[in-house]
Amino acid sequence: MPPKFHPVILAGGRGTRFWPLSRKKRAKQLLALDGKQTMIQRLLPLASVKQFWVVTNDDLHPEIMRQLRRLSKDQVIAEPVGRNTAPAIGLAAFILQLTEPNAVIGLFPSDHVIANPERFREVVGEGIEIAASGENIVVLGIEPTRAETGYGYIEAGSLSSGNARHVKRFTEKPNAERAAEFLRSGNFYWNSGMFLWSAKTLASALIEHLPKTADLLGKIAADFGTKKFAATFRRLYPKCENISIDYAVLEPRSAKGEQDSNIFCLRADFGWNDLGSWTALHEHHATKASSADGNLISGQGIFTLGASGNYVHAPGKFVAVVGVNDIVVVETDDALLVTTRENSQDVGKVVKYLDEKKLTKLV
């Protein structure tokens, strides 16, 4: 009998690198940036609708519930405050551990593009089997195509069973020189942010590496399904540490050595793009664009001359692009972004500035 599988889909981020289109109440995961299947649609053959969880926030909760009418209110959890991925996925682990400790949990961001859903399900299915076979953690790794500084990297070690490889270490967002070194080595993968493990394995890992937060999550989980849950959740969850699962568990686990950490990497050869920046969106669409010059421009009429590799979003306006290459221009009613494709990872710093200046209408 195959292990029971519970996908947990994260839909609570602000998508700050897609500012000014992405805002608090209209974040990246709600924008039609690609128009493909949702993560739930891709995973449905592996789990019933009743086994899905969605973690979002108060700002996005109403729209998420409107879009996902097949999910019950208990399946869509709105964090009172953002606490990154470790508490978000950890809460699901502690809730499931009470009734289904051997169930496998999958962590999936909501907004990734998957070109080959059938192959995606095959890889996830293999990961579920590995996660269920012991105290194992499985990460899906993307073969890098460029020296990207905006992603974390996984160094893969020796081959384990099947297509899985032991993980040597994780490196978060290296500088350009190190990223180029990783690319040349051929032994590194981008960290997709998609992970698999049993409920008891993840709960145990959090107790070991994040004991204070684990204790809080255990108390919250104890009230799940009761009238006290909402109050307990709002009271205790803000006290959890604001930390990613990568920093909290994966990095210290990998430090034990590839044979002892029980972390495995599966090559995610299913056509992945996280659409994590304007550059990533440009690259995704440029592969199927008819324009030989690589310009992707939306506007009410377009003229280009001696320009290539540009991304311009200015609906309702005539757009002329002359003598410039590899720039990003995005216009909304109240804001204008001008950057280069190379620097588009830094757009999130604009939102940080707006937050500091309390310019709330712009975020």
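Numbers for the structure displayed
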{"quantity": "Label point at Thr360 placed 7 Å out along Cα→Cβ; residues across segment 44-79 whose backbone nitrogen lies under 16 Å", "calculated": "58-60"}
{"quantity": "Relative packing of peptides 332-343, 126-137 - highest average C-beta neighbours within 10 Å first", "calculated": "126-137, 332-343"}
{"quantity": "Contour minus Cα-Cα distance for Val49 and Glu118 (0.36 nm per residue)", "calculated": "23.0 nm"}
{"quantity": "28 Å Cα-Cα reach of Lys317 towards lysines, excluding residues that sit fewer than 8 places from it in its own chain", "calculated": "Lys24, Lys25, Lys28, Lys36, Lys288, Lys349, Lys361"}
{"quantity": "Built amide H within the under 5 Å cut-off of Ile302, gap 5+", "calculated": "Val319"}
{"quantity": "Structure-derived Cα extents along the principal axes in Å: which label, when the choices are (1) 62, 48, 37; (2) 100, 50, 36; (3) 56, 46, 44", "calculated": "(1)"}
{"quantity": "Cut-off 13 Å between beta-carbons: net charge of the residues surrounding Ala314, Lys and Arg +1, Asp and Glu -1", "calculated": "-1"}
{"quantity": "Modelled FRET efficiency - R0 41 Å, Thr145 with Asp333, Cβ distances, 0.05 increments", "calculated": "0.70"}
{"quantity": "Neighbourhood charge, 13 Å Cβ-Cβ cut-off, centred on Cys240 and excluding it, Lys, Arg +1 and Asp, Glu -1", "calculated": "+3"}
{"quantity": "The chain: relative contact order in percent, alpha carbon pairs under 8 Å with at least 6 residues between", "calculated": "20 percent"}
{"quantity": "In Hz, Karplus ³J(HN,Hα) per residue of segment 334-339 (6.51, -1.76, 1.60; θ = phi - 60°; x = Gly, Pro)", "calculated": "10, 8, 9, 10, 10, 8"}
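Bear in mind these aren't lab numbers, they're just calculated from the coordinates by the rules spelled out. Note that the coordinates shown come from a computational prediction; the quantities given were computed from them, not determined experimentally. As a convention, Cβ positions derive from the backbone with ideal geometry for all residues, glycine included, and neighbour counts pool all protein chains shown.
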